[in-house]
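Notes follow the structure.
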Amino acid sequence: MSSIRTLSPPFVLPRARLDDLFERLRARGYRVIGPRVRDGVIVLDTVKSSADLPVGYTDEHAPGRYRLRRRNDDAVFGFVVGPDSFKRTFLVPVQRLFRARRDGDRVRFSPEPVDTSKVALVGARGCDLAAIETQDEILAEGAHADPFYVARREAAFIVAVSCSESRSSCFCTSFGTGPRPTRGFDLSLTELLDGPHRFLVEIGSAEALEIATELGLSTASEQDQGAAAGIALRTSRGMERQLDTQGLREMLLSRLEHPHWQDVGSRCLACTNCTAVCPTCFCVDIVDKSSLDGESHERTRQHDSCFSADYSAVHGHPVRNDVAARYRQWLTHKLATWIDQFGRSGCVGCGRCITWCPAAIDLTREVARLRDDVSLETDP
Amino acid sequence: MPTPKPKPKPKLAVIKLASCDGCQLSLLDCEDELLAVAGALDIAYFPEASSRLLKGPYDVTLVEGSVTTAADRERLAALRRESRLLITIGACATSGGIQALRNFQSYPELARSVYAHPEYLDSLATSSGVAEHIPVDYELRGCPVDKSQLLEVLIAALHGRAPRLPRHSVCLECKRRGVVCVTVAHGTPCLGPVTQTGCGALCPRFSRGCFGCFGPSDTPRVQALAPVLASVGATDTDVARLYGTFNVGAPAFGDEHRVRLPVVE
């Protein structure tokens, strides 16, 4: 599950042999989930071979805007993250918890079996790995481990990908989570497009080393290793968006009554998209459903959001009717009180909440405006 | 020992006011569950389905359609008295339906433009939802209502609990289902952010923008959505039309419809 970065020197995998890796994963019983194009977006879904991947595609990101474009090369991973994250794989959007049936004077409970089917996640980026690590701490470790999450997580094999380009929503360098995966993967790929199309393969687990051995991969040259390092450096340097994390928790918690919350509240749709695409947001709602005859019953849980009114309903009425209060709750939890609760920030810098907010609300900009009082008056 | 007399089944009535019948048909459309519904409830008054019409009182009354005549209003008052639970079904019954577009125009002029002899008409100047006239226990949104929500409300009524009718946006349902955002990814105007869930994100699932048939969500930020709709090319007229449909009678949608209507000189 978790892993350290190098169990061996890196290998090199020719592009033409990428399908051999897929074949090896399938031979080991893994269903492969990875990026693929659907409805004009790169989503995460089952992929059978490299032909299913978004080969030759790239993505344009801006606050509230996403477009798929063709590249002028055949890069396999020449894009960043779409709206989906691997949260969908581990903390599934709708999960049945148990079923119950009346049996005379008694009620019989049937617990829902956990899903232990093996899944290989292909294309997890540095920010994705950090998000998985963040959710692991909440849902897999500690006193309140969730059996459904743990089962899926333990059955996962992670093939990470180093980002060779960033997009305008990206700010992983602000949290040190990317662009190059450093931990939390079984196997990590860096796509090398100079010269023969190939991947630098880094090994993070014993199983990944077995696979590399089965594939008979040759050891990467120093040039290939240097090229991969150069790509990571270039991607880091090209990242324009920044979130100043210096004293961020204290800054936010000292501005709880700041007028800027009302400003962002006036633009916020309270539509829940930011929380739904966030790879670390983990809130769920519990739903009970009974049959018409009242003899059977089932309980499910489903992704929920602090932006809906009923999320904060206590004794039947929401306590956060004001949208500004909901945005403040989300942002201060994500960036400040998450640290009090879990010892780290809840943000990994993936930028999904920026791209997928229909109202183009940009948390890095909101934080900057809260931090810098002076700009509040002059900023349009 | 004598066998105890079986408990009588709760009596169900389905009433129609000004509407197209589509919502009541959703009940008949519960094909797999229809026999179970008929087994659990005594369908006492449902002219669309049966010519056997029993008098009230009823345990559960489903009301479809909007209030458009004085007669409707009187009928509702009587219906409320003889119904233990009164549940409105569909956009017409909750907000006045598409026919509430008349609320935004001069009623006498409208009547003259449609009917050769408007003097024979005996209707109200406005079309309104049932809850504006009598207290309503629960409201089912949609044009038409969602079958599973209809079953949920009947199941809840049978077991004496509150139905689960979430009020959040359609967006959350899209994201749970992995449906691509048509506004962000395709530049399609969509009312999903301000519309109540319940439809299963039906339109966005087919890459169509939501047209708001479930009416305003718990927090309908129509003013915050205005610049979003404009940014994907929707003109004021487009926006007026978007809001000017089945839930134009709901204040949040109706106000925005009115504001965006082109001014006629």
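Residue count for segment A:144-168 satisfying the condition of being of a type in the set (Phe, Trp, Tyr) and closer than 29 Å to residue A:232 by Cα: 1. Here residue B:177 meets each of (1) within 8 Å of chain A (Cβ to nearest Cβ); (2) in contact (Cβ under 8 Å) with a residue 24 or more places away in the chain; (3) over 23 Å from residue A:301 (Cβ atoms); (4) out of contact with any Asp or Glu (no Cβ under 6 Å at 6 or more places or on another chain) with one exception, condition (3). All of B:93, B:77 fail the test of being assigned by TED's automatic domain parsing to the domain that holds residue B:56 and either part of a loop (DSSP other than H, G, I, E, B) or within 16 Å of the chain's Cα centre (by Cα) (or both), apart from B:93. Per the listing A:240, A:257, A:214, the residue uniquely of a type in the set (D, E, K, R), away from every other protein chain (no Cβ under 11 Å) and not in a loop (DSSP other than H, G, I, E, B) is A:214.
Taking the criterion of being in contact (Cβ under 8 Å) with a residue 40 or more places away in the chain and either surrounded by fewer than 17 Cβ atoms within 10 Å (Cβ to Cβ) or farther than 21 Å from residue B:129 by Cα (or both), the only residue of segment B:203-220 that qualifies is B:210.
Table: residues versus (1) in the same structural domain as residue A:344 (by TED's automatic domain parsing); (2) out of contact with any helix residue (DSSP H, G or I) (no Cβ under 9 Å at 6 or more places or on another chain); (3) touching a residue at least 24 places away in the same chain (Cβ under 8 Å).
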{"position": "A:164", "(1), (2), (3)": "no, no, yes"}
{"position": "A:169", "(1), (2), (3)": "no, no, yes"}
{"position": "A:174", "(1), (2), (3)": "no, no, yes"}
{"position": "A:177", "(1), (2), (3)": "no, no, yes"}
{"position": "A:201", "(1), (2), (3)": "no, no, yes"}
{"position": "A:218", "(1), (2), (3)": "no, yes, yes"}
{"position": "A:224", "(1), (2), (3)": "no, yes, yes"}
{"position": "A:243", "(1), (2), (3)": "no, no, yes"}
{"position": "A:253", "(1), (2), (3)": "yes, no, yes"}
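Out of B:161, B:141, B:80, one residue alone is within 14 Å of chain A (Cβ to nearest Cβ), touching a Ser or Thr at 6+ places or on another chain (Cβ under 9 Å) and basic (Lys, Arg). It is B:161. Taking each residue of segment A:102-123 that is touching a residue at least 40 places away in the same chain (Cβ under 8 Å) and looking for partners that are hydroxyl-bearing (Ser, Thr, Tyr) with beta-carbon atoms closer than 7 Å, six or more apart or interchain, yields A:118/A:30; A:119/A:30; A:119/A:89; A:120/A:30; A:121/A:89.
Examine segment A:307-314 for a residue that is in a loop (DSSP other than H, G, I, E, B), without any contact (Cβ under 8 Å) to a residue 40 or more places away in the chain, farther than 30 Å from residue A:127 by Cβ and more than 28 Å from the chain's Cα centre (by Cα), and state whether such a residue exists. No, the conditions are met nowhere in segment A:307-314. For segment A:307-341, a residue qualifies if it is among the hydrophobic types (A, V, I, L, M, F, W, C), within 20 Å of residue A:276 (Cα to Cα) and more than 11 Å from chain B (Cβ to nearest Cβ), and the qualifying residues are A:324, A:325, A:330, A:331, A:335, A:336, A:338. Kindly check whether there is at least one residue in segment B:100-116 that is surrounded by fewer than 24 Cβ atoms within 10 Å (Cβ to Cβ), part of a strand (DSSP E or B) and in the same structural domain as residue B:34 (by TED's automatic domain parsing). No, that holds for no residue. Every condition in (1) touching a strand residue (DSSP E or B) at 6+ places or on another chain (Cβ under 9 Å); (2) part of a helix (DSSP H, G or I); (3) within 14 Å of another protein chain (Cβ to nearest Cβ) holds for residue A:224 except the one numbered (3). Filtering segment B:221-234 to residues that are of a type outside the set (Lys, Arg), facing another protein chain (nearest Cβ under 9 Å) and buried (at least 22 other Cβ atoms within 10 Å of the Cβ) leaves B:224, B:225, B:228.
Would segment A:289-301 turn up any residue that is closer than 29 Å to residue B:158 by Cα, more than 8 Å from chain B (Cβ to nearest Cβ), in a strand (DSSP E or B) and free of Cβ contacts under 8 Å to residues at least 60 places away in the same chain? No, every residue in segment A:289-301 fails to be closer than 29 Å to residue B:158 by Cα, more than 8 Å from chain B (Cβ to nearest Cβ), in a strand (DSSP E or B) and free of Cβ contacts under 8 Å to residues at least 60 places away in the same chain.
The values are calculated or read from the model by the stated rules, or taken from the named source; none is laboratory data. All figures in this text were calculated on a predicted structure; none of them were measured in a lab. So basically every Cβ, Gly included, is an ideal-geometry build from the backbone, and we count neighbours across all protein chains shown.
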